[in-house]
Amino acid sequence: MYDRNALQQLIRDKALKFGEFTLASGKKASYYLDCRQITLDSQGAKLVGAGMLELLAGEMPDLVGGMAIGADPITAAILTLAGVQNRPLRGVMVRKEPKQHGTGKTVEGPFQPGESIVIVEDVVTTGGSSLLAIERCEAVGLKVKRVLAIIDRLEGGREAFAAKGYELTTLFTIRDFGIGSL
């Protein structure tokens with residue numbers, strides 16, 4: 001069901017941009033990965049969801065989720081395909097800021113303290129967004145198992161997760177696109 005080559009080509013065609021960019025981490029870069037071009041596309045969402053479910057095989061958590069807005073379509077894709085496969089799974093959305101109305105939550109979704117979660121992300125650079133998501137999920141009693149991402153830029157994120165005791169698993173690294181040194 002997961003077609004790695006098709007997803008790689010879709011990323012190459014639609015998400016990988018060259019030029020001068022400032023990343024969320026504040027770093028300057030000569031390329032940018034706009035994975036919303038993939039995760040908000042029906043074929044891309046299907047491929048990402050299938051790839052992520054394959055990475056979860058054998059270790060299905062209670063929940064998946066990550067930092068809004070980037071993780072939201074990934075979470076939805078994983079949940080939709082899990083539902084099609086009759087695999088029980090729920091999701092959460094982690095807010096950057098608490099809601100200013102209603103319950104004021106930073107973590108939204110059908111969860112109970114003590115449940116396991118895998119954090120999902122589109123692109124990992126330094127790991128900052130996912131580390132914040134981990135912190136917020138743990139603050140509400142969730143047990144973070146690991147982090148899954150579409151692409152690792154190989155710029156310190158994996159090491160930042162490891163320093164905190166978390167494993168990062170990705171569908172690709174930037175080397176899969178011919179960028180970066182070996």
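Values quoted throughout were computed directly from the atomic coordinates according to the rules given, and no laboratory measurement underlies them. Since the structure is predicted, the reported quantities are computational estimates derived from the model, not experimental observations. Backbone-built Cβ (ideal geometry, glycine too); neighbour counts: all protein chains shown.
Around S30, what is the net charge, scoring Lys/Arg as +1 and Asp/Glu as -1 over all other residues with Cβ under 12 Å from its Cβ? Let's see the in-between values first.
Numbers: positive: K17, K27, K28, R153; negative: E20.
So the environment of S30 carries a net charge of +3.
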In the stretch 1-60, trypsin sites (Lys or Arg not before Pro) in a DSSP loop with at most 13 other beta-carbon atoms within 10 Å: K27
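Using a Förster distance of 35 Å, how high is the FRET efficiency between A6 and A162, based on the Cβ-Cβ distance and rounded to 0.05?
On the way: r = 30 Å, r/R0 = 0.87.
The pair A6/A162 has a calculated efficiency of 0.70.
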Environment charge of Q9, counting only residues whose C-beta is closer than 15 Å and scoring Lys/Arg +1, Asp/Glu -1: 0
In sequence order, calculated HN-Hα J values of the stretch 25-33 (Karplus, 6.51, -1.76, 1.60; Hz; x Gly/Pro): 6, x, 5, 8, 9, 8, 8, 9, 10
Nearby aspartates and glutamates by direct alpha-carbon distance to K14 (threshold 20 angstrom, same-chain neighbours under 8 apart not counted): D3, D34, D41, D72, E121, D122, D152, D176
Least to most buried among I179, I150 (fewest other Cβ within 10 Å first): I179, I150
Surrounding net charge for P73, when Lys and Arg each add one and Asp and Glu each subtract one, Cβ distance under 13 Å: -3
Lys/Arg +1, Asp/Glu -1 at C-beta; the stretch 4-177 dipole; positive extreme among L63, S116, M93: M93
Using alpha-carbon coordinates, inclination of helix 42-56 to the longest axis of the chain, degrees: 70
Degrees separating the helix 72-84 axis from the principal Cα axis of the chain, which is the longest one: 70
Relative exposure of R95, R158, judged by other C-beta atoms within 10 Å (fewest first): R95, R158
Cα convex hull volume per residue for the chain (Å³): 125
Chain lengthening between Q37 and E54 when straightened (0.36 nm per residue, less Cα-Cα): 4.0 nm
Angle between the chain longest axis and helix 128-139 axis [Cα atoms, degrees, rounded to 10]: 10
For the stretch 111-140 versus the stretch 1-67, the gap between their alpha-carbon centres in whole angstrom: 17
DSSP beta bridge pairing in the stretch 4-177, given as percent antiparallel to the nearest 5: 25
Calculated FRET efficiency for the pair K96/E20, C-beta based, R₀ 30 Å, to 0.05: 0.75
Sequence of E155, E20 once ranked by neighbouring C-beta atoms within 10 Å, starting from the fewest: E20, E155
